[in-house]
Amino acid sequence: MAYAFLLPAVLLLAVFTLVPFVQAVVLSFQQWDGVSTASPFVGLSNYKFVLHDTVFWSSMRNVLIFGVAGFVLGNALSLGMAIAVNRVRRGKAFFRTAFYLPGVFSVVVIGMMFSWLLAPNAGIVNRLLGGVGLSGLQHNWLEDPGTALPAVAAVFLWYHWGFGFILYLAGLQDVPVELYEAADLDGAGGWAKFRYVTWPDLLPVTAIVSLLTLLGALQVFGTVQVLTNGGPGDHTMVPTLRIYQEAFTNQRFGSAAAMSVIFGGALVLLAMLHLWLSRRRK
Amino acid sequence: MKGLASRGGLYGLLVLAAVGALFPMVWLLIGSLQTSSELYRGKDLLPAKPQWSNYVTAWTDGDLGTYLPNSMIYTVSAVVGILVVSSLAGYALARIEFRGKAAVTFALLAVMIIPAPASFIAQYKLMVMLGLTNSRLGYVLILISAGIPISALIMRGFFANLPKDLEEAAAIDGSSALNTFARVILPLARPGLIAVAVIQGLAVWNEYLLALVLFDDDTLMPVQRGLMNFVSAETPVQNILLAATAISVLPVVVFYVFAQRQVVQGISSGAVK
């Protein structure tokens with residue numbers, strides 16, 4: 001009986017998720033142009049090729065910026081704003097709604113929005129800088145090799161911090177009030193209350209938020225593709241975009257699959273390591 | 001006195017962050033109503049005269065009359081599919097004893113860890129082999145399968161919290177298992193169904209990577225993919241692009257404003273599992 005209820009889910013997952021996962025490994029030892037029905041085995045040559053693809057490896061380095069930005073800045077921003085919203089009496093619902101709004105946009109909308117805001121001449125960011133007499137700080141943000149990566153990472157942060165914020169806010173509302181009352185009786189100040197009541201109580205939420213934001217940041221694709229398509233040069237190249245280009249622009253699906261295996265494998269290991277660490281702490 | 005000042009500071013901070021969150025959208029709307037020359041001159045804050053005709057041009061030139069209905073079709077069919085399949089699975093996992101239950105639950109969690117970058121190339125190859133590229137059915141099936149693991153786990157949580165003796169009572173009344181599920185259990189799990197529908201609805205509407213990979217036929221593209229087509233075509237005019245973007249995001253913003261409570265609930269129930 002139970003099996004009948006499970007059958008549709010198992011069937012769909014097997015065909016569209018599990019088979020491709022295994023297929024990715026197989027494909028990484030094959031050669032395929034994306035069209036033909038033949039995909040001959042080529043041994044390790046895809047991996048050898050990827051090993052020498054400097055763009056792929058620098059994309060791995062670039063994506064760490066996104067990872068660190070999401071993990072450190074994003075987490076801090078989410079938690080800080082959640083604490084702030086949790087503390088006010090009026091306007092809670094408004095602030096919550098406003099802060100998560102960017103989270104419901106698509107990457108394409110984000111891309112259009114920020115190529116307009118960051119445009120070199122008519123963009124509002126440069127206009128504002130000029131308006132307050134800081135025209136020395138004006139940049140062609142998305143096309144200057146020095147600013148492109150930080151600019152895209154900042155957009156990514158703006159796009160995603162609301163997610164952690166929502167989870168932290170829900171977590172804060174679950175912290176028992178008695179704990180704060182007890183801390184008050186002990187004469188604890190604001191920082192002590194945060195350090196000894198809020199922080200320990202939020203640890204499980206922090207663990208899940210940091211895992212999800214970290215994995216999300218490392219998988220960034222659309223935001224980058226729409227804003228810079230990896231440029232200028234390859235200064236904002238990220239692994240998923242590199243995999244996409246290797247397959248669909250260069251027609252080398254085999255080496256794209258090898259990159260998938262390397263990068264995807266690293267992500268899976270990271271997720272398992274994180275889960276293991278946060279479980280052990282409990 | 002000190003409390004008052006710090007409260008003021010707190011509100012100042014929050015208002016600042018709200019402006020930061022809302023301004024880019026507002027600025028996009030302002031840009032979408034300007035003339036091209038206003039836009040490139042970049043001196044004015046507001047359009048001298050709102051150019052509503054930009055929206056008409058965007059709608060026709062951007063083929064939004066094709067892409068938006070496509071997105072509606074994909075979103076509705078994928079969400080219905082996800083609800084059916086994942087509530088069946090979640091029900092079995094929460095309320096039926098069977099061999100291999102722990103293994104199935106673990107497998108769902110494991111599948112969730114598989115990241116998109118690891119499998120989208122092979123998924124594309126699979127779809128080519130199955131003849132399911134440039135296919136509405138193919139796109140919907142792959143979207144459903146992507147939504148199943150998390151949704152099944154959310155539904156399992158909601159089913160597990162229902163009273164224990166519901167099935168026995170229904171069985172005494174001669175109701176079949178499937179009938180009991182559909183008539184008795186499912187209506188009680190409505191909050192779960194809504195949470196899943198809202199979150200997956202947003203995810204499907206905004207999906208980009210698979211749409212990019214699977215479609216090159218214009219008439220089948222969802223709006224995210226179609227919009228990118230429009231952006232990279234010929235020499236796009238900025239104000240028209242902004243208007244097209246605004247049109248594409250309007251359904252989502254309206255939906256979010258009305259369903260924000262459910263969205264927030266959905267995010268929380270999805271992440272805690």
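Every number here is computed from the coordinates shown, using simple stated rules; none is lab data. Not measured: the values here are computed from a predicted model. All Cβ positions, glycine included, derive from the backbone under ideal geometry; neighbour counts span all protein chains shown.
Quick notes on this one:
- Efficiency of FRET between A:Asp144 and A:Asp53 - r from beta-carbon atoms, R0 22 angstrom, step 0.05: 0.30
- Inter-probe distance in nm under a simple model that places probes 7 Å from Cα toward Cβ, at A:Arg90 and B:Asp165: 5.1
- Protection-proxy order for peptides B:126-136, A:171-181, A:250-260, B:63-73, each taking the mean of Cβ atoms within 10 Å per residue, highest first: A:250-260, B:63-73, B:126-136, A:171-181
- Here the calculated FRET efficiency for B:Ser232 and A:Asp174, from their Cβ-Cβ distance with R0 = 41 Å, stands at 0.30, rounded to the nearest 0.05.
- Prolate/oblate/rounded call for region B:172-224, Cα gyration tensor, a/c under 1.5 rounded: prolate
- For chain B, the relative contact order comes to 32 percent (Cα pairs under 8 Å, sequence separation of at least 6).
- Rh (Kirkwood; distinct C-alpha pairs) - chain A, Å: 21.9
- Acute angle (nearest 10 degrees) that the helix A:239-248 long axis makes with the longest principal axis of chain A, alpha-carbon atoms: 30
- Taking every Cα-Cα distance in the protein assembly as shown and sorting them into 20 Å bins starting at zero, the pair-distance distribution P(r) comes out as 19, 53, 26, 2, 0 percent.
- Test item: B:94-101 mean partner chain Cβ contacts at 10 Å: 3
- Fewest-first ranking of B:Lys49, B:Lys164, A:Lys193, using other Cβ atoms within 10 Å as the exposure measure: B:Lys164, B:Lys49, A:Lys193
- Debye, to nearest 20: dipole size of region B:1-130, +1 on Lys, Arg Cβ, -1 on Asp, Glu Cβ: 520
- Among B:Lys43, B:Lys125, a tally of other beta-carbon atoms within 10 Å of each Cβ gives an order, fewest to most, of B:Lys43, B:Lys125.
- Along region A:56-72 the Karplus relation, 6.51 cos²θ - 1.76 cosθ + 1.60 evaluated at θ = phi - 60°, assigns HN-Hα couplings of 4, 5, 6, 5, 5, 5, 4, 5, 4, 4, 4, x, 5, 4, x, 5, 8 Hz to successive residues, with x for each Gly and Pro.
- Stretched out straight at 0.36 nm per residue, the stretch from A:Val42 to A:Leu275 would grow longer than its current Cα-Cα span by 80.3 nm.
- Protection-proxy order for peptides B:254-266, A:34-46, each taking the mean of Cβ atoms within 10 Å per residue, highest first: B:254-266, A:34-46
- Compactness index (Cα Rg / 2.2 N^0.38 Å), region B:63-233: 1.20
- Environment charge of B:Ala177, counting only residues whose C-beta is closer than 14 Å and scoring Lys/Arg +1, Asp/Glu -1: -2
- When each of the peptides B:7-20, A:94-107 is scored by how many other beta carbons lie within 10 Å of its residues on average, the order from highest to lowest is A:94-107, B:7-20.
- The count of lysine pairs in the protein assembly as shown with alpha-carbon distances below 24 Å, taking only pairs 8 or more places apart or on different chains, stands at 9.
- Distance between modelled label sites at A:Trp199 and A:Ala4, nm, 7 Å Cα→Cβ extension: 5.5
- Overall dimensions of region A:170-256 as given by Cα atoms, namely Rg and Dmax in Å: 22.4, 68
- Close amide H pairs (under 5 Å, H built 1.01 Å from N) link A:Gln30 with A:Val42, residues at least 5 positions away or on another chain.
- Inter-chain Cβ neighbour count for A:21-28, averaged per residue, equals 4 (cutoff 10 Å, partner chain atoms only).
- Kyte-Doolittle mean at least 1.0 and Cα axial length at least 15 Å: DSSP H helices in chain B: B:2-32, B:64-95, B:101-113, B:136-160, B:190-206, B:238-272
- Ranking of A:His160, A:His52 by count of other Cβ atoms within 10 Å, fewest first: A:His52, A:His160
- Stretching B:Leu137 away from B:Asp44 to a fully extended chain increases their span by 28.7 nm, per 0.36 nm per residue minus the current alpha-carbon distance.
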